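As C-alpha cells, the structure follows; a few thoughts come after it.
The values are calculated or read from the model by the stated rules, or taken from the named source; none is laboratory data. Note that the coordinates shown come from a computational prediction; the quantities given were computed from them, not determined experimentally. Here the Cβ positions follow ideal geometry from the backbone for every residue, glycine too, while neighbour counts run over all protein chains shown. Ligands, DNA and RNA are stripped out before the accessible areas are found, and what is left, the full protein with its side chains, is counted by its heavy atoms. Shrake-Rupley method; radii C 1.70, N 1.55, O 1.52, S 1.80 Å.
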Amino acid sequence: MQSPFIVELNEQNFRQVLEGSVTTPVLIHFWAPSHQESSVIRPQLNTLAQSYNGAFTLAFLDCEKEHHIASQFGVQALPTIALFVNGQPADGLGGPQSIEAIQAMLAKHLPSQDELDFQQAMALLQSQEHTQALTILEKLEDEFKQKGEVKLALAECYLALQQASFASELLAQIPLEYQDNYYKGLVAKLELLQQAANSPELQNLEQKLSLKPDDLAIVLELSLAYHQVNRDEEALQLLWSFLKADLNTKDGELKKAFMDILAALGQGHPVAGKYRRQLYSMLY
C-alpha cells in the first residue's frame, strides 16, 4: 500500500503536489528506470520519508515517462533532488548522492527527528495515552531530553503511571521559566501521589524492618506493600538486596515476588529493565 506522503508525479497531479509544498515541503527525486545511479537510492528515500512520518512529501518523477514535466523543471542530469517549500525551490542536489547527504539537506529545512517524535508524543498525551507517549519520549536523544518541555512531558507520563520517584526527580530540574501553571499542576499531583504512597501501614512496616533488617517475612511484606502503591523501584531494590546473595532465599518466595513485580511492570519499563539486566547477569 502506497504511503500518503510518497507519490509518483505525473501530468495530472504534479501541480497539486507542488501547491501542497505551501503547507508541507516536497522533495522531488528526478530519476529514470534506465539510469541505475538514480534508481538505486529509491528504497532508501522511501525509508527516509516513512521515518519522517509526513513532515515532507516525497515525489518521484520518472524523467523518461514524464519528460515534458522534467523539461519544465530544467533538469539537466540524473539523478537530481529538489526541495520545494512554500511553492518555491528551496534547495537541491545534483548527481549521485548518499542518503546521509540528502538527510543533511533536509535537516536545514525540516524539524529534527527528535522534534517530530516529541510532537507525536505530545499528541498521545492529549489523548491520555501515557504509556505510548513515554515509550517515545524515553527514546529521544539525551541532549534533547534536557529541554524543559520534554522534562515536563516525561514527568506527566510518570505521574499518570504512578512512578512518583521519576516524576519528582524531573520536576526538581525544571528551570524557572517553565514553572507555569502546567508545572504547578504536576507538582500538586506529585504531592498527592506521595501522600498516598506513604501510608501509616507502610511506615509501620518500615519501622519493623529497621528493627529487624534481616527478617525476610517483613522484607517480603514490605516489598509487596511498596508494589501496591507503585513504589516499584523501592520494592525491587529491597528484594534484590537479598536475592543478589542467594536467588533461592526464603524458599524462593522473594524471587517469585521479584519476578511478579517485573512481569507487572512489563517489558518497556525502565526500572524493570534495570533489574532484569542485573538478574540476567547472575543467571548467565
Accessible-area value, Val40, 1.4 Å probe, nucleic acids and ligands omitted, Å²: 100
Amide H contacts of Gly87 (H built 1.01 Å from N, under 5 Å, at least 5 apart or other chain): Ser21, Val22
Share of carbon and sulfur in the accessible heavy-atom surface of the chain [1.4 Å probe, %]: 50
Radius of gyration, Dmax [the range 85-219; alpha carbons; angstrom]: 22.2, 76
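Please give me the summed charge of the neighbours of Leu216: other residues whose Cβ is under 12 Å from its Cβ, Lys and Arg +1, Asp and Glu -1. Please list the in-between numbers first.
Values: positive: Lys212, Lys250, Lys255; negative: Asp214, Asp215, Glu221, Asp246, Asp251, Glu253.
Net of charged neighbours comes to -3.
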Note, ³J(HN,Hα) from phi for the range 155-161, Karplus 6.51, -1.76, 1.60, rounded to Hz, x at Gly and Pro: 4, 4, 4, 5, 5, 5, 8
Viscosity 1.306 mPa s, temperature 10 °C, Stokes-Einstein D of the chain from Kirkwood C-alpha radius, µm²/s: 69
Residues of the range 190-251: accessible area per residue with a 1.4 Å probe, Å²: 59
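With only Lys, Arg, Asp and Glu charged, each at its Cβ (+1 for the first two, -1 for the last two), find how big the charge dipole of the range 136-256 is about the Cα centre; round to the nearest 20 debye.
Numbers: 13 positive and 21 negative charges, 30 e Å.
So the magnitude is around 140 debye.
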For the range 32-162: span of alpha carbons on each principal axis (Å, largest first): 60, 24, 24
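Rounded to the nearest 500 deg cm²/dmol, what is the calculated helix-only ellipticity per residue at 222 nm for the chain, with -39500 (n - 2.57) per DSSP H run of length n ≥ 4?
Working: 16 runs with 165 residues, N = 284.
Computed mean residue ellipticity for the chain: -17000 deg cm²/dmol.
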Listed residues Tyr52, Thr24, Thr131: farthest to the positive end of the dipole of the chain (Cβ charges): Thr131
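Please report the projected area of the range 1-82's Cα convex hull averaged over all directions, in nm². Provide the component values of the computation, followed by the final result.
Numbers: hull surface 21.0 nm².
The Cα convex hull of the range 1-82, projected and averaged over all directions, gives 5.2 nm².
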Normalised alpha carbon radius of gyration of the range 186-234 [divisor 2.2 N^0.38 Å]: 1.23
